[in-house]
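Engineer: Quick one: the structure is below, and I'll ask about it shortly.
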């Protein structure tokens, strides 16, 4: 179970170097070397995902089918980073949820640490009058700073999952992930714990977040020894953080049947047109937190394509990710944001448009503390 104050511990950790643009890490953008780039279309050109299209996350007993966009719920209940205020924000979240339900985009990513469990409780509120098959919920186990889970060894993941299920008001989650590769227990111990969650029916599929290619392979092999596939690896990926692509991590995921998810897919609003050199994002938005003037070349290309396509900039940025074989995780706090993100589906950027964006994209970096992938 996430300790009280976990949301503030997370923000403090990001400040001091859990994010690759914070702490001792260089704030200067590094362009992507084209020789390390994947093809413009990793997702086959014959596929044009719409709101009804589904991706399979592999499970031991049953796969989980999810849309091509996941809804990030970090901001739901989180005060440390997103300054959540229930009076103002909860009604907006509910309005957004109505839009998402109408489109069938009800795949939500949360975490026991988001808002010290409040994000999970808000999700439970939203799910209350829905049939279980009408939504997919993904939550995460925070191993770092979690003494109870360390002491419990392989029983740690399920111990905390039971707390998450109580918050959510559910009997099981669809996807359960370990958030971060830094933990005192060995990968083999964690794998045994994740397998226990599947074998007891508390989770359908399991995954990891922020794991490097090598760490992911080891986890996949350890899980396989228990007869459980690794379904997901989730790392930061966007137009301005393509490191998982250039490092070969995404390619390795595809070769092993592991779905790669990209969180901070809109760089916490930096790729939506909301911010500029004259209107910087809050300092608490620490993923890909380059000064906005450094992103002008990238934003200019995204803006021009969005105008030509007559879709929001956010839709262009998300469509780029989908073409690259990435399932984007994009935060939603209002009905307007839900609508703009939906517009990433049902069409494809052309290879020429993809190359234009690639020329102004950034590689990003990793950290020793947390962002290994």
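The values are calculated or read from the model by the stated rules, or taken from the named source; none is laboratory data. Values in this document were obtained by computation on a predicted structure and should not be read as measured data. Positions of Cβ are backbone-derived with ideal geometry, glycine not excepted, and every protein chain shown enters the neighbour counts.
Engineer: Would you please name the residue that is nearest to residue 176 (Cα to Cα), looking only at residues in region 125-146 that are assigned to a helix (DSSP H, G or I) and touching a strand residue (DSSP E or B) at 6+ places or on another chain (Cβ under 9 Å)? Full working, then the answer.
Structural biologist: So in region 125-146, the residues assigned to a helix (DSSP H, G or I) come out as 125-127, 132-134.
From what is left, the residues that are touching a strand residue (DSSP E or B) at 6+ places or on another chain (Cβ under 9 Å) are 126-127.
Working: 126: 19, 127: 17 Å.
Only one residue fits best here, namely 127.
Engineer: Then there's this: Filter region 272-305 down to residues that are under 12 Å from residue 357 (Cα atoms) and in contact with a helix residue (DSSP H, G or I) (Cβ under 7 Å, 6 or more places away or on another chain) and give me whichever is surrounded by the fewest Cβ atoms within 10 Å (Cβ to Cβ).
Structural biologist: The selected residue is 303.
Engineer: I've got another one for you. How many residues, within region 334-373, are touching a strand residue (DSSP E or B) at 6+ places or on another chain (Cβ under 9 Å), closer than 16 Å to residue 273 by Cα and outside any loop (DSSP other than H, G, I, E, B)?
Structural biologist: Result for region 334-373: 3.
Engineer: May I pose another question? Inspect all residues belonging to region 245-253 and state whether any of them is surrounded by fewer than 24 Cβ atoms within 10 Å (Cβ to Cβ), part of a strand (DSSP E or B) and touching a residue at least 12 places away in the same chain (Cβ under 8 Å).
Structural biologist: Within region 245-253, none of the residues are surrounded by fewer than 24 Cβ atoms within 10 Å (Cβ to Cβ), part of a strand (DSSP E or B) and touching a residue at least 12 places away in the same chain (Cβ under 8 Å).
Engineer: Let me ask something else. Could you grab me the full set of residues in region 86-121 that are within 13 Å of residue 164 (Cβ to Cβ), free of Cβ contacts under 8 Å to residues at least 60 places away in the same chain and surrounded by 24 or more Cβ atoms within 10 Å (Cβ to Cβ)?
Structural biologist: 108, 110, 119, 120
Engineer: Out of the residues in region 305-333 that are part of a helix (DSSP H, G or I) and touching a residue at least 60 places away in the same chain (Cβ under 8 Å), state the one that is farthest from residue 253 (Cα to Cα).
Structural biologist: Pass one, region 305-333, residues part of a helix (DSSP H, G or I): 305-309, 313-323.
With touching a residue at least 60 places away in the same chain (Cβ under 8 Å) added as a condition, the list becomes 317-318, 320-323.
Details: 317: 21, 318: 19, 320: 18, 321: 15, 322: 15, 323: 15 Å.
So the residue we want is 317.
Engineer: Of all residues in region 261-288 being touching a strand residue (DSSP E or B) at 6+ places or on another chain (Cβ under 6 Å) and outside any loop (DSSP other than H, G, I, E, B), which is farthest from residue 223 (Cα to Cα)?
Structural biologist: So, considering only residues that are touching a strand residue (DSSP E or B) at 6+ places or on another chain (Cβ under 6 Å) and outside any loop (DSSP other than H, G, I, E, B), the one farthest from residue 223 (Cα to Cα) is 267.
Engineer: Evaluate region 151-159: report whether one residue or more is more than 21 Å from the chain's Cα centre (by Cα) and either closer than 17 Å to residue 10 by Cβ or modelled with pLDDT of 95 or more (or both).
Structural biologist: no
Engineer: Checking the condition part of a helix (DSSP H, G or I), over 22 Å from residue 260 (Cβ atoms) and in contact with a helix residue (DSSP H, G or I) (Cβ under 6 Å, 6 or more places away or on another chain), which residue from 77, 102, 117 passes?
Structural biologist: On inspection, the qualifying residue turns out to be 117.
Engineer: Considering each of 191, 203, 195 in turn, give the residue that is in contact with a strand residue (DSSP E or B) (Cβ under 7 Å, 6 or more places away or on another chain) and either under 13 Å from residue 142 (Cα atoms) or buried (at least 21 other Cβ atoms within 10 Å of the Cβ) (or both).
Structural biologist: Within the list 191, 203, 195, the selection yields 203.
Engineer: Only residues that are more than 15 Å from residue 226 (Cβ to Cβ) and at pLDDT 95 or above: list them for region 168-199, please.
Structural biologist: 168, 169, 170, 171, 172, 173, 174, 175, 177
Engineer: Still on this structure, please answer the following. Within region 177-188, restricting attention to residues that are touching a residue at least 60 places away in the same chain (Cβ under 8 Å) and assigned to a loop (DSSP other than H, G, I, E, B), which residue is surrounded by the most Cβ atoms within 10 Å (Cβ to Cβ)? Let's see the steps before the verdict.
Structural biologist: If we filter region 177-188 for residues that are touching a residue at least 60 places away in the same chain (Cβ under 8 Å), which is where we start, we get 179-182.
In the following step, the residues that additionally are assigned to a loop (DSSP other than H, G, I, E, B) were identified as 180-182.
Details: 180: 22, 181: 24, 182: 15.
The qualifying residue surrounded by the most Cβ atoms within 10 Å (Cβ to Cβ) is 181.
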